[in-house]
Structures are given as structure tokens and as C-alpha cells.
1. What do you get for trypsin sites (Lys or Arg not before Pro) in the stretch 1-61 restricted to DSSP loop and a cutoff of at most 15 other Cβ within 10 Å of the site's Cβ?
2. State to the nearest 20 debye the size of the charge dipole of the chain about its Cα centre, where the only charges are +1 on K and R beta carbons and -1 on D and E beta carbons.
3. Compute the semi-axes of the equivalent ellipsoid of the stretch 253-321, taking the square root of 5 times each eigenvalue of the Cα gyration tensor, and list them largest first in whole Å.
4. Would you tally the net charge around residue 294, using a Cβ to Cβ cut-off of less than 10 Å, leaving residue 294 out, and scoring K and R as +1, D and E as -1?
5. Report Rg(Cα)/(2.2 N^0.38 Å) for the chain, keeping two decimals.
6. Using 5 Å bins from zero, what percent of all Cα-Cα pairs in the stretch 200-274 falls into each bin?
7. Identify the trypsin sites (Lys or Arg not before Pro) of the stretch 214-317 meeting these criteria: DSSP loop state and at most 15 other C-beta atoms within 10 Å of the C-beta.
8. Taking the stretch 194-256, which GluC sites (Glu not before Pro) meet the DSSP loop condition and have no more than 14 other C-beta atoms within 10 Å?
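What follows draws every value from the coordinates through simple rules; no lab data is involved. Remember, it's a predicted structure, so these values are computed and weren't measured experimentally. Please note: Cβ atoms are built from the backbone with ideal geometry, for glycine as well, and neighbour counts cover all protein chains shown.
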Amino acid sequence: MPTNSLQKYVKKLQKLRRGEKGDEGPAPHKPLLLLSVIDLINQGHIYDNKIFPSPDLAETFLRYWSKIIVNRVRNFAMPFFHLKGDKFWHLYPNPGKEEKLRNTKRIRKVSDLLEVVNYASLDADLFLLLANQQSREVIRQTLVDKYFPNAKLEIDGLLAEERQVGEYRQLLLQEVADHPFSYQVVPEPVEEENPNRSTAFRKEIMRLYDYTCAVCRLRIVTMDGESATEAAHIIPFHISHSDDIRNGISLCKLHHWAFDKGLISLSRTYKVIVSPLMSDRHPTEWLLTEQRDKSILLPEHDLLYPAQDALKWHRDEVLRE
Ligand SMILES: [Zn+2]
């Protein structure tokens, strides 16, 4: 990578155009969003030059925000849109929204951003620099030194956490490729779940099921990664100590609860079993009984399906008959 290209972008990134409001000083949104993008490139979640305004990116941005920024209103949509003014960040419209994007001067709301913008890309040269570990680190350091000189420790801490979550996500997928599913019932809680590992488990399950309840297909997700669905353990973690992806499934809060209480379970053929304790005659139990015998949503690759052993355990130990 030519050093003059790196120098050029280092200079540009030191001169981000930032809005200023009252005596709050220049807005931290843009450099913070760029740090979040760099994190996702680092973890391999942004791998081509397409940056989607995804819950993953928003969640990273808000994690930085809550650690570093005090007394300012957080906003993810604004920097995603207004970085285009710095000329190296280019916006691509959703189909049919070309003219609307051209005529939009200002965006504050995430809903407006998602309506108009499909994704952003960086100058090809800049993306190449960020794809390279060495120059990526130079650029990251530049942003931290220039915009957050007093928060270096916090940022390094966050980066280490994100890195560990990323490594665990890789590891969880690797385990699926390397070993058949197995578990050991551990009678006493021997260890707390590692928070970074459980974040990795949750993120992978959410990605595989696209934030959708496998049972009822409910999908509600806010832009900060808050979701109506949860990553459920089929054999609870305190029993199996297994964060194997195949011990996981994405369920909405109602179906997660019903699954944990044994009011629903899953058959060998991935169909919903409803406990006979639930009756069609009770209209309020209809939310469960209407799912009887329906096929659940499954990940794209069958290697990642819920493990038969885990489902059998759930039918034997949890399902109420
Ligand atoms: Zn559901």
C-alpha cells in the first residue's frame, strides 16, 4: 500500500467536518462511527466495501457511545448520513429512492435513513487501507488521538472485548465444523458463563436466524440491536455448560418462556410439539396451540441446525405431558 495514500487519508480523517451545538464542542458522532466500522472490518463482519446500517454496526456504535460520551444525545443515523459530506463515504439508495436520496439534505431518524439508504461504501483506496491490518491500526490510532485523547483506555478496553467476542464467534463456528455435538450434564454450577462468550453465542444465533423467532417468525429489531427474539439454550447453560451453536435457537420472548417451561418442544423433524396441558379451548393459549406441528425456521446450513441430542434432552426432561 503506497504510504502517500495512507498519509492522504490520515490528513482527511483529522479534518472531519463536525457539527457544533451550543457549548458542547464538536460532535463526536462521525469519528465514533468510523471506529465502529473499523471494528467490524477487524472482526471480518464487513469484508467487502459495503457498509450496511445494520443492527450489528449500530450496537457497536452505541457500545462506544455509552463508554465514552456523556451528556449528549446519541444518534446513529446522523453520522451515517452526513459522513458523505467528507467525500470519502458514499451513499447508495434503496431501489426507487434515488431521487429522494439526492434531494435529502439532513437525516436524524433511523427510520428515515433505512427508508432511503441501502448501504455506504468508502473510497476504494481507503477501504484497501482498512483491509490491511497495519494501516488499519494507523487509521484507528489517528482517530483516537485526534478525537478521543482522554478515552484511550476505555477504547482499548472495548476493542479488546470486541476482539474477544469476534474470536469466540469464529470458535463457535469452528466447533461445529470440527466436532459432532456433545454435552455433559454438570450437576453443580461450576463456572459463570463468560460474558464475551455468551455475547458471541447470542450474536451468532441472531445472525443465523436473522433475528427471527424460529417458531412464530416474529421479527422486531431496533437499530441498537435490541430484539424481540432471544438466543435460547436448548439445554440450559447452567446444566450443559454448552454454548455450542447447535444447543441454541432463536425464540421470541413468549416462545422462549414457553420452551423453558416445557409448554412447547421440538420433534426430530423440527416441528413444534405443544404440551397437551395447553388447550385450544382456551383462547388465550391459542398463541401456543396454533403452532402445533408447524415446521420451525432453520439456519441455512444443516450443520448448524439444533442438535438432535439436545432436542431429545428437552423432550425428555422439560416437555410437560
Ligand atoms: Zn415466537
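1. Loop-located and lightly packed - 15, 17, 21, 50.
2. 1740 debye
3. Computed over the stretch 253-321, the values are 22, 13, 10 Å.
4. Overall, the nearby charge balance is +1.
5. Taking the Cα Rg and dividing by 2.2 N^0.38 Å, one obtains 1.15.
6. Bins of 5 Å from zero give 3, 17, 27, 27, 18, 6, 2, 0 percent of pairs.
7. 217, 261, 268, 281, 292, 294
8. Filter output for the stretch 194-256: 226.
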